[in-house]
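Trainee: If you scroll down you'll find the structure; I have some questions about it.
Coordinate-derived values only; no laboratory data. A quick note: this is a predicted structure, and the numbers were derived from the prediction, not measured. Here Cβ is always computed from backbone atoms with ideal geometry, including for glycine, and neighbour counts include all displayed protein chains.
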Amino acid sequence: MTALGFLYPGHSAEDDYPRIEQLLGSDVRLTVVHTDTAEDAHGVDALLETGSAPGLAAGVEELRLSGAEAVVWACASGSFVRGVRGAHEQVRGLARAAGLPASSTSFAFAHAAREIGAGRVAIGATCPDDVAALFAEFLKETGTQVAAVRGSAAVTGAEAAGWDYGRVLALAREADHPDADAVLLPDTALHTASHLTALEKDLAKPVLTAAQVTVWEALRLTDRRVNAPDLGTLFTREPIVQA
């Protein structure tokens with residue numbers, strides 16, 4: 001049994017995690033601990049507060065008691081708004097507090113894009129354009145080129161959590177670009193676990209979503225590889241061997 005821990009901000013699309021656990025069809029247990037959010041908003045100031053060190057440390061003890069072997073901060077925007085250096089400091093602090101390997105959804109996207117050989121990507125974000133642009137900069141700093149960025153008008157995570165498949169697909173299509181090797185949907189408040197194969201079929205290319213890459217990143221931290229076709233290309237493709 002591999003036990004994985006996730007710190008998740010507030011309440012929105014956390015039901016994607018038991019769904020992913022079921023789709024993995026393996027001896028993997030996912031434990032989600034909720035962190036407090038002072039304000040459920042996609043503004044930079046609110047996102048900086050969401051990912052503060054005290055807020056993350058508060059949920060660590062529960063994950064340790066669950067037997068988690070690795071922990072991931074399951075929030076992209078609450079990480080990438082700090083830039084690569086700040087996001088590294090955030091993860092290092094989380095690892096120290098937990099005494100476990102740690103990462104975040106932002107780094108999960110960078111690692112997952114590299115895993116599937118996506119050197120250039122398109123971003124479809126539920127957050128406003130200015131916040132989405134910060135994610136594009138984050139990816140560029142980590143070595144992934146960005147062909148297009150599409151922001152949206154979702155003001156809160158709760159609003160994004162209510163989007164149905166048609167709206168998620170519309171965002172992905174609007175974001176897509178002919179030069180993009182993959183489309184990224186970086187919001188852990190968005191329900192996507194049940195839609196991955198449909199999204200990839202409709203777009204005819206790999207799609208990376210927040211909950212999907214977050215779980216994959218936790219598995220990577222524990223050196224586990226699970227083949228799960230229902231979770232998209234990321235969970236079926238052979239790893240890219242770096243020269």
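Trainee: Using the Karplus curve 6.51 cos²θ - 1.76 cosθ + 1.60 with θ = phi - 60°, what ³J(HN,Hα) values do you get for each residue of region 119-133, in whole Hz, with x for Gly and Pro?
Mentor: x, 9, 10, 10, 10, x, 10, 7, 7, x, 4, 5, 6, 4, 5
Trainee: Once the Cα atoms of the chain are picked out, what are the Rg and Dmax in Å?
Mentor: Radius of gyration, then largest Cα-Cα span, for the chain: 16.0, 47 Å.
Trainee: Further question: Within a Cβ distance under 12 Å of Ile20, other residues only, what is the Lys/Arg minus Asp/Glu net charge?
Mentor: Computed value for this residue: -3.
Trainee: Excluding Phe80 itself, what net charge comes from residues whose Cβ is under 12 Å from its Cβ, given Lys and Arg +1 and Asp and Glu -1?
Mentor: Computed value for this residue: 0.
Trainee: Expressed as a whole percent, how much of the Cα-Cα distance distribution for region 82-186 exceeds 15 Å?
Mentor: Summing the P(r) of region 82-186 above 15 Å gives 65 percent of all pairs.
Trainee: If I build a Gaussian network model for the chain, linking alpha-carbon pairs within less than 10 angstrom, which residue out of Ala170, Ala70, Ala211 has the largest mean-square fluctuation?
Mentor: The residue with the greatest mean-square fluctuation here is Ala170.
Trainee: If you don't mind, there's one more thing I want to ask. So what's the back-of-envelope 222 nm ellipticity for the chain, counting only DSSP H runs of four-plus at -39500 (n - 2.57) apiece and dividing by all residues, rounded to 500?
Mentor: Helix-only estimate at 222 nm: -12500 deg cm²/dmol.
Trainee: A further question on this structure: Which listed residue (Ser194, Val72, Thr126) has the Cα farthest towards the positive end of the charge dipole for the chain, taking +1 on Lys and Arg C-beta and -1 on Asp and Glu C-beta about the Cα centre?
Mentor: Looking along the dipole axis, the top candidate is Val72.
Trainee: Over all pairs of distinct alpha carbons, what does the Kirkwood formula give as the hydrodynamic radius of region 135-212, in Å?
Mentor: 13.0
Trainee: Sticking with this structure for a sec: How much net charge surrounds Gly124 when only other residues with a Cβ under 14 Å from its Cβ are counted (Lys, Arg +1; Asp, Glu -1)?
Mentor: So the environment of Gly124 carries a net charge of -2.
Trainee: At 7 Å along the Cα-to-beta-carbon direction for both Arg64 and Ala198, put a label point, then send me their distance in nm to one decimal.
Mentor: 4.2
Trainee: Next question, about the same structure. Where is the GNM fluctuation largest for the chain (alpha-carbon springs, 10 angstrom cutoff): Val146, Val226, Val207?
Mentor: Val226
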